[in-house]
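A.B. asks: Please find one structure pasted underneath; my questions will follow.
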Amino acid sequence: NEPKVFAVIMRQYAEIVANANRAIARGDLAAVGKLMDRNHTLMQYLSVSCSELEAIVNKCRELGALGAKMSGTGRGGIAVALCASEAEQKKVAAGLKASCPEAKFVWQY
């Protein structure tokens, strides 16, 4: 039964990627953010997230990020957040530094 479950997850992942490509092409950052959130939910289902990543992702969302998700193969503590503007990016970064001890390093790009 696991191959069937994995196939469903992979279809969902492919749908997220296709929708994200379309959203990026039309410059729809809000849609990209929601798709990042959906992708993170899939990673939670696969149990590759961890409490530190959950704290970081949730704090980014609380601080106003359009979307946030773990990055890489998980459990490494790396998350990516998408913000609508440079000002929002600075607000999220400052909030992480001030109130999220799980975020050991915060970079802005």
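The values are calculated or read from the model by the stated rules, or taken from the named source; none is laboratory data. These figures come from a predicted structure and were not determined experimentally. We place every Cβ from the backbone using ideal geometry, glycine too, and count neighbours over all the protein chains shown. Just the protein is used for accessible areas: all its heavy atoms, side chains included, with ligands, DNA and RNA removed. Shrake-Rupley method; radii C 1.70, N 1.55, O 1.52, S 1.80 Å.
A.B. asks: If Lys and Arg each add +1 and Asp and Glu each add -1, what is the summed charge of the other residues whose beta carbon sits under 11 Å from the beta carbon of Val57?
C.D. replies: -2
A.B. asks: Check the chain and count each lysine pair with an alpha-carbon distance under 14 angstrom, considering only pairs eight or more places apart or from different chains.
C.D. replies: 6
A.B. asks: Tilt of helix 29-45 relative to the longest C-alpha principal axis of the chain, in degrees (0 to 90, nearest 10)?
C.D. replies: 60
A.B. asks: Near Ala98, within a Cβ-to-Cβ distance under 11 Å, what is the net charge of the other residues, with Lys and Arg +1 and Asp and Glu -1?
C.D. replies: +3
A.B. asks: How tilted is helix 86-99 with respect to the longest principal axis of the chain? Cα atoms for both, answer in degrees (0 to 90, nearest 10).
C.D. replies: Here the helix axis deviates by roughly 80 degrees.
A.B. asks: Can you give the accessible area per residue of region 2-69, in Å², using a 1.4 Å probe?
C.D. replies: 58
A.B. asks: Counting only protein heavy atoms and using a 1.4 Å probe, what share of the accessible area of the chain belongs to carbon plus sulfur, as a whole percent?
C.D. replies: 58
A.B. asks: Compute the acute angle (0 to 90°) between the alpha-carbon long axis of helix 51-62 and the principal axis of greatest extent of the alpha-carbon atoms of the chain; round to the nearest 10°.
C.D. replies: 70
A.B. asks: In the set [x] 45, 29, 27; [y] 45, 34, 19; [z] 44, 36, 27, which value of Cα extents along the principal axes in Å was calculated from the structure you see?
C.D. replies: [y]
A.B. asks: Then there is this: Given the peptides 91-102, 57-68, arrange them by the average over their residues of other C-beta atoms within 10 Å, most packed first.
C.D. replies: Those peptides, ordered most packed to least, come out 57-68, 91-102.
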